[in-house]
Ligand SMILES: [Cu+2]
C-alpha cells in the first residue's frame, strides 16, 4: 500500500487544518465563546502566513519531545505516533476519495430529478420500468467500489492484529471504577495505580505546565515505555466494562471483567500521549485518563530499575532527565 508516500501529504494537511488563529484557551474554558464564520482579508493573510510557517516547520516536527492530546477545535485525528495509526489515517483519507464524490453525485442526481422531472416541466412522465444497461452499471459500480474499500480495509485489520516482531515488553492494564492499574510483566513485576491528576496536586507532582499535563488528561503515574519497541498490552477490568484507548497509537480495546484482550503498539516518537477510558463505565468515566510516556531506551532502563522500589522517585528522576534533554536540545538550536 502506498502509505509511506502519502504520509507527508497527510501531515501537511493536518498541520494546515490545525493552523487556526485562535488563542489557546485558559482553563476553565469560557463557555460563551462565539464562533465567527466570516474571515477578514487580514485574517486570511495571517492564515496564509501560518500555513507557510507550518509547511516550513514540518520537517522539524518529527524531532524532539512531542505530546499528543486533543486540541481545541480539533476535527481530525491526532498526529499518528505508530505505524498502525499512520495506516488508519491513510485509510480514512483514502475512503474519503470515494465517499465525497459519491455524495456529490447522489446530491446532483437528486437535484436534477427534482427540477427536471417535476410535474410542471414533465407533464407526461415516461412509463419505462427497465433499462438493462443502467441496472448493470448501478450493480457493478458499487461492487467495484466495495472491492476497492475492502482490500485495504482487511489489510489494515490484519496488520492491527499482527505485530511485526515479538513484543519486548508486556503490560497488563486493568480498568477499575475509576482509574487504571498497570502491571509490567517482568521477572520482578512492577505494578502501580494511575489516577487522574487533581488540580491541587499539580505543584507537588511538578506538573504545573498545563500544555504538557492538561486538565482531566494528566495522571499521577504514567505508563513508561521505550521508543521503537513493540509493547503488548493485556487489557482487562475488575468491575465493569472499560476500554483502553490511545488515539495517537490507533488502539482501542474493551476491558472486560474476567477476560483478557490483547493489543500492541510500537511508538515511533518520544513524548507524552493521552487517551481516555472509552466505554461508559459509571459516574467518573470521564475521570480515568490514560497517559503513556515514550522515552529513550536508556531512560526506560533507568526508570524500570528504580520503579519497583520507589515509583515516585523513579518518575521524578525520569522527568528531570527528559527536561534536561529538552533544554539541551533547545539550547543547541
Ligand atoms: Cu471506564
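Readers should treat all values here as calculations from the given coordinates under stated rules, not as data from a laboratory. Being a predicted model, the structure only gives us computed values, none of them experimental. For neighbour counting, all protein chains shown are included, and Cβ atoms are generated from backbone atoms with ideal geometry for every residue, glycine included.
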**Study point:** Fully extended contour minus Cα-Cα distance, from residue 132 to residue 97, at 0.36 nm per residue
**Key:** 9.8 nm
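If each residue's Cβ is checked for other Cβ atoms within 10 Å, how do 143, 224 rank with the fewest at the top?
Least crowded to most crowded, the residues run 143, 224.
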Check your understanding: Which order results if 268, 309 are arranged by neighbouring Cβ count within 10 Å, fewest first?
Key -> 309, 268
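Where does each of 231-239, 300-308, 108-116 land if you order them by average Cβ count within 10 Å, highest first?
For the peptides 231-239, 300-308, 108-116, the packing ranking is 231-239, 300-308, 108-116.
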Study note, to complete from the structure: Rounded to 0.05, the calculated FRET efficiency for the beta carbons of residue 121 and residue 155 at R₀ = 41 Å is 0.25
Review point. How much length is gained if the chain between residue 215 and residue 145 is pulled fully straight, taking 0.36 nm per residue apart and subtracting their Cα-Cα distance, in nm to one decimal?
Key: 20.9 nm
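Would you please classify the overall shape of region 162-305 from the alpha carbon gyration tensor, given that a ≥ b ≥ c denote the square roots of the eigenvalues, rounded means a/c under 1.5, and beyond that prolate means a/b larger than b/c while oblate covers the rest? Can you show the working numbers first?
Values: a/c = 1.58, a/b = 1.07, b/c = 1.48.
Oblate, since a/c reaches 1.5 and b/c is not below a/b.
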Exercise for review: Kindly work out what percent of the DSSP beta bridges joining two residues of region 169-325 are antiparallel, to the nearest 5.
Suggested key: 70 percent
**Study point:** Full-extension gain in nm, residue 203 to residue 114, via 0.36 nm per residue minus C-alpha separation
**Key:** 25.6 nm
**Study point:** Zero-based 10 Å bins, Cα pair distances in region 238-278, whole percents
**Key:** 27, 50, 20, 3
Practice item. Please sort 277-288, 77-88 by packing, taking for each peptide the average over its residues of neighbouring beta carbons within 10 angstrom, highest first. Key: 77-88, 277-288
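May I ask you to derive the FRET efficiency for residue 164 and residue 252 from their Cβ-Cβ distance with R0 = 22 Å, giving the value to the nearest 0.05?
On the way: r = 20 Å, r/R0 = 0.92.
With R0 = 22 Å, the Cβ-Cβ based efficiency is 0.65.
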Check your understanding: Could you state the number of Å between the C-alpha centres of region 97-174 and region 214-253?
Key -> 34 Å
